[in-house]
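In what follows, a structure is listed as structure tokens, so that the remarks can point back to it.
The values are calculated or read from the model by the stated rules, or taken from the named source; none is laboratory data. Given the structure is predicted, the values throughout are model-derived calculations rather than measurements. Note that we place each Cβ from the backbone using ideal geometry, even for glycine, and neighbour counts take in every protein chain shown. The accessibility values were calculated without ligands, DNA or RNA, using every heavy atom of the protein model including side chains. Shrake-Rupley method; radii C 1.70, N 1.55, O 1.52, S 1.80 Å.
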Amino acid sequence: MTSAQGARGRFITFEGGEGSGKSTQVRRLKAALEARGIEVVLTREPGGTPLAEAVRRLLKEPTGDSPCDRSELLLFLAARAQLVRTVIRPALASGKWVVSDRFSDSTLAYQGYGRGLSRAFIAAANDFACEGLRPDLTLLLDVDPAVAAARMRAREAATHTAADRIECAGEDFHARLRQGFAELAAAEPERIRVIDADGTEDAVGEKVWQSVRRAVDDMV
Ligand code: Z5A
């Protein structure tokens, strides 16, 4: 693990489609790391600062003016630039570990593979937004889309909420997403570990922990 250069903290991101269990596993990993005496800052994307949370609302809630694909991309990047500069870098510099629910791979997957915008441009723009910061480790939670959809429906029924603008993208979009994430993982197997996330929360949590443990043992 070398990419959060000079910092003592470590930067771990979770990626995958909606309903793959990222938020659940982010919380579990935080607890597991804290039990080892590691200070952890949780972030989510888009969001994690007042400005970035305002951008999140613009992206997810109806405004009467749905963003075009380019506008959507730039809003995600604006939120990321603010999060990296004001939360992630300071936390890493002070020795804390940062665990983020989504980060730059989501932009390549959703806006690149999903929306069809230039992946070369997105990679360069990500680099600009992050000032070169890259995750040390990324856990890609891969789940059958039908399983994920069932989880989402169950959550919507339990919380009386409806799917948001991005969640309503069609089956083709979600197939491109999954393929895109798989290609990203194949291109960077050292950084991106694919976790089969079809099992129970405990089973997936154990796989996540095994992937992270080597990094933890290096640190404590
Ligand atoms: N987006 C983008 O387009 N470009 C970008 O650059 C970035 C993001 C950064 C953010 O939505 C949206 O922004 C997202 C991508 C896009 N679009 N969509 N759609 P979000 O933050 O609101 O949501 P999300 O990131 O897609 O996650 P999610 O829908 O909340 O799902 P999740 O975090 O992966 O899963 P979960 O919340 O942990 O679990 C979902 C439900 O399943 C819940 O009821 C759990 O209790 C249950 N669950 C979790 N794990 C299990 C297991 N193992 N078994 C059974 N049930 C489970």
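Taking 4 °C and 1.567 mPa s as the conditions, I'd like the Stokes-Einstein D for region 1-83 in µm²/s, using the Kirkwood hydrodynamic radius from alpha carbon pairs.
On the way: Rh = 14.8 Å.
Calculated translational D: 87 µm²/s.
Along the three principal axes, how long is the chain when you take its alpha carbons, biggest first, rounded to the nearest angstrom?
So the extents along the principal axes, rounded to whole Å, are 49, 37, 33.
Most mobile of E18, E206, E171 per a Gaussian network model of the chain (Cα springs, under 10 Å)?
E171
With unit charges on the beta carbon (Lys/Arg positive, Asp/Glu negative), name the residue among S66, A35, V55 whose Cα is farthest towards the positive pole of the charge dipole of region 22-74.
Farthest towards the positive end: A35.
Taking a virtual spin label 7 Å from the Cα of A169 along the C-beta vector, which residues in region 82-115 bring their backbone nitrogen under 15 Å of it?
Only 102-115 pass the distance filter.
Under 10 Å, Cα contacts only: if you run a Gaussian network model on the chain, which one of A93, A158, A120 comes out with the highest mean-square fluctuation?
So, out of A93, A158, A120, the one fluctuating most is A158.
Run lengths n ≥ 4 of DSSP H only: what is the helix-derived mean residue ellipticity at 222 nm for the chain, with -39500 (n - 2.57) per run over all residues, to the nearest 500?
Values: 9 runs with 112 residues, N = 220.
So the calculated ellipticity at 222 nm is -16000 deg cm²/dmol.
Counting only heavy atoms of the protein chains, get the accessible area per residue of the chain (1.4 Å probe) and round it to a whole Å² value.
Numbers: 10910 Å² over 220 residues.
On a per-residue basis, 50 Å².
Give me the percent of accessible area attributable to carbon and sulfur for the chain, probe 1.4 angstrom. All intermediate terms of the calculation are to be shown ahead of the outcome.
Numbers: 5800 of 10910 Å².
Carbon plus sulfur share of accessible area: 53 percent.
Would you give the gap between the C-alpha center of region 153-220 and the C-alpha center of region 51-97, rounded to a whole Å?
Each part reduced to its Cα centre gives a spacing of 20 Å.
Measuring from label point to label point, each 7 Å out along Cα→Cβ, what is the L58 to A203 span in nm?
Computed distance between label sites L58 and A203 equals 4.2 nm.
Lysine pairs in the chain with alpha-carbon atoms under 16 Å apart, 8 or more places apart or on different chains: how many are there? Provide the component values of the computation, followed by the final result.
Working: K22/K30; K22/K207; K30/K96; K30/K207.
So the count of such lysine pairs works out to 4.
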